[in-house]
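Everything below concerns the one structure shown next.
Just so it is clear, none of the values below were taken in a lab; they were calculated from the coordinates. Since the structure is predicted, the reported quantities are computational estimates derived from the model, not experimental observations.
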Amino acid sequence: MKIFSANIEDLRTLYISNLKKALDMEQKITDALPKMIDKSTDPQLATAFRDHLRQTEGHVASVEGLLRRITGDADTITCKAISGLITEAEDSIKDASDSSIRDITLIACGQQVEHHEIAVYGTLRTWANILGLTEDARVLDSILSEEKQADVLFSSISDGVNLQAAA
């Protein structure tokens, strides 16, 4: 399996490449969240997904801004990891016929996505700091904080929803 493209020559190039993947990731999540909202039966969960959709739309704009400032455009590179997580989520949601099981499946899938985003933004923030891109690091840290908050919220919602599903 090829890990790096032959044109990744330095940390700056790797940083830009991964920013482009982050933009693709956020765009795909923006497309997936409305489906998750529609499939949610727990009102608190649906609200959490709606709120996170608004945040994600902001993340798209923020990452686009970073890319435009650095490269002059906001091109993307396919994020294969998020594509796989979304496909897995769609399959799992289809397989859960009981609404309470579907809700806990939605939470689990949402948290898997959040954990990937946390890893992506933590890495990008570190690279931005190393490259001396302090404004980028600030923006990325802000996004990272929102992703961590979403994960905590999904965990708190899961406490009640998991018990309902087990009953």
Calculate for the chain the 222 nm mean residue ellipticity that helices alone would give, adding -39,500 (n - 2.57) per DSSP H run of length 4 or more and normalising by residue count, nearest 500 deg cm²/dmol.
-30000 deg cm²/dmol
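So how much slack lies between A108 and S145, counting 0.36 nm per residue of separation and subtracting their Cα-Cα distance, in nm?
11.4 nm
For T47 and K94 in the same chain, what is the full-extension length gain: residue separation times 0.36 nm, less their Cα-Cα distance, in nm?
Working: separation 47, 0.36 × 47 = 16.92 nm, distance 2.09 nm.
In short, 14.8 nm is gained.
What do the square roots of 5 times the Cα gyration tensor eigenvalues come to for the chain, in whole Å, largest first, as semi-axes of the equivalent ellipsoid?
Working: eigenvalues 201, 52, 34 Å².
One finds semi-axes of 32, 16, 13 Å for the chain.
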Any idea what angle helix 99-130 forms with the longest principal axis of the chain, computed on alpha-carbon atoms, 0 to 90 degrees, nearest 10?
20 degrees
